[in-house]
Amino acid sequence: PRKAITEESPTVTASVWRVVIFTFTHGPDAEKKAHLVNEQHPDLAATVFKPHGLTGVYLVTVGGNMTREEAARLRQRVIGLGLPRDSYIQNYK
């Protein structure tokens, strides 16, 4: 099943860390990649995230909302699974 693109809420006050594994300029391309990641690694729960205020940016993220420490650990695991070495963690407030 397809997951909807989630947008960052402008009212979020706490730090919300995500692990970004791919960046796209078109939502459908990002959705396709998230689906492929979920077929190979369903436990990562890949989703498409569109940061509030950024036009034309769709991020494929894994693991959901986390603390900085959780995101850093997951990023290392993601790299170990053979996903992009240039994946990164990003803080969304």
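The values are calculated or read from the model by the stated rules, or taken from the named source; none is laboratory data. Fair warning: this is a prediction, and the values are worked out from it, not measured in the lab. FYI the Cβ positions are ideal-geometry reconstructions off the backbone, even for glycines, and counts take in every protein chain you see. Note: areas computed on protein heavy atoms with side chains; ligands, DNA, RNA excluded. Shrake-Rupley method; radii C 1.70, N 1.55, O 1.52, S 1.80 Å.
Within the stretch 13-20, identify whether any single residue is of a type in the set (D, E, K, R) and over 13 Å from residue 91 (Cα atoms), and answer yes or no.
Restricting attention to the stretch 13-20, the residues satisfying the condition of being of a type in the set (D, E, K, R) are 18.
From what is left, the residues that are over 13 Å from residue 91 (Cα atoms) are none.
No - not one qualifying residue is present in the stretch 13-20.
Of the conditions (1) modelled with pLDDT of 95 or more; (2) open to solvent by 70 Å² or more (accessible area, probe 1.4 Å); (3) within 16 Å of residue 26 (Cα to Cα), residue 61 fails just one. Which one is it?
So residue 61 meets the others, but not (2).
For residues that are modelled with pLDDT of 95 or more and assigned to a strand (DSSP E or B), scanning just the stretch 39-55, find the one that is surrounded by the fewest Cβ atoms within 10 Å (Cβ to Cβ).
Among them, the one singled out is 47.
Being open to solvent by 90 Å² or more (accessible area, probe 1.4 Å) and at pLDDT 95 or above narrows it down to one residue among 2, 75, 85; which is it? Walk me through how you get there before you give the answer.
Working: 2 fails: at pLDDT 95 or above; 75 fails: open to solvent by 90 Å² or more (accessible area, probe 1.4 Å).
Selected residue: 85, the only one of 2, 75, 85 that is open to solvent by 90 Å² or more (accessible area, probe 1.4 Å) and at pLDDT 95 or above.
So in the stretch 13-38, with the set limited to residues that are among the charged types (D, E, K, R) and open to solvent by 50 Å² or more (accessible area, probe 1.4 Å), which one is nearest to residue 68 (Cα to Cα)?
That would be 33.
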